[in-house]
Structures are given as C-alpha cells and as structure tokens.
Amino acid sequence: MSETTQQIADAFAAWQTEDAKFEKGNSAAGTRARKALQELTKLAKSRRAEISDEKTARKEAKASA
C-alpha cells in the first residue's frame, strides 16, 4: 500500500470519528470533520496524479520494449 493510500485511510477514519461526534450534537466536531474531508480531497487529487504518472510510465516502458 502506498503512503498516500494509507494517509487516505487515516483521514477517512478521522472523518468517520468526527462525523459520528457531530451527529451526536458536538458542533466543534463538525469543524474537524470538514477539515478531514478537505484533507481527503487533497489526498485524492495527489493519488490520482500518482496513478496517472504510473500509468504513463508503464505505457512508455511497454512501448520502448
């Protein structure tokens, strides 16, 4: 598992925890839940770029072989 994938899993777990607290009425947890979702957005974009780069590298390696 890549480092980014692990960070996504951690951020998702943090969001779930804070979202559950928010649903129980803790307004401050809503802020933390939104922060975790923003981090997920950044990490998802990063992972998309990593996947695209790897895909391109594989395609180039296959073409030059």
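Miscellaneous remarks
- Stretching residue 57 away from residue 4 to a fully extended chain increases their span by 17.2 nm, per 0.36 nm per residue minus the current alpha-carbon distance.
- An ellipsoid equivalent to the range 14-65, defined through the eigenvalues of its Cα gyration tensor, has semi-axes of 40, 8, 4 Å when rounded to whole angstrom and sorted largest first.
- Residues of type aspartates and glutamates that residue 35 reaches as a straight line, Cα spacing below 12 Å, ignoring anything fewer than 8 places off in the same chain: 18, 19
- Rounded to 10°, Cα long-axis angle of helix 3-23 versus longest principal axis of the chain: 20 degrees
- Note on residue 42: lysines with a C-alpha under 28 Å away, same-chain residues under 8 apart excluded, are 21, 24, 55, 59.
- Theoretical ellipticity at 222 nm over the chain - DSSP helices of four or more residues, -39500 (n - 2.57) apiece, nearest 500: -32500 deg cm²/dmol
- Remark: the chain carries 80 Å² of accessible area per residue (probe radius 1.4 Å; ligands, DNA and RNA excluded).
- Cα-centre dipole for the chain with unit charges at Cβ (Lys and Arg positive, Asp and Glu negative), debye to 20: 200 debye
- Over the chain, relative contact order from alpha-carbon pairs under 8 Å, at least 6 apart, %: 33 percent
The values are calculated or read from the model by the stated rules, or taken from the named source; none is laboratory data. On a predicted model such as this, the values are computed, not experimentally measured, just so you know. Positions of Cβ are backbone-derived with ideal geometry, glycine not excepted, and every protein chain shown enters the neighbour counts. Note: accessible area is taken over every heavy atom of the protein model, side chains too, but ligands, DNA and RNA are not part of it. Shrake-Rupley method; radii C 1.70, N 1.55, O 1.52, S 1.80 Å.
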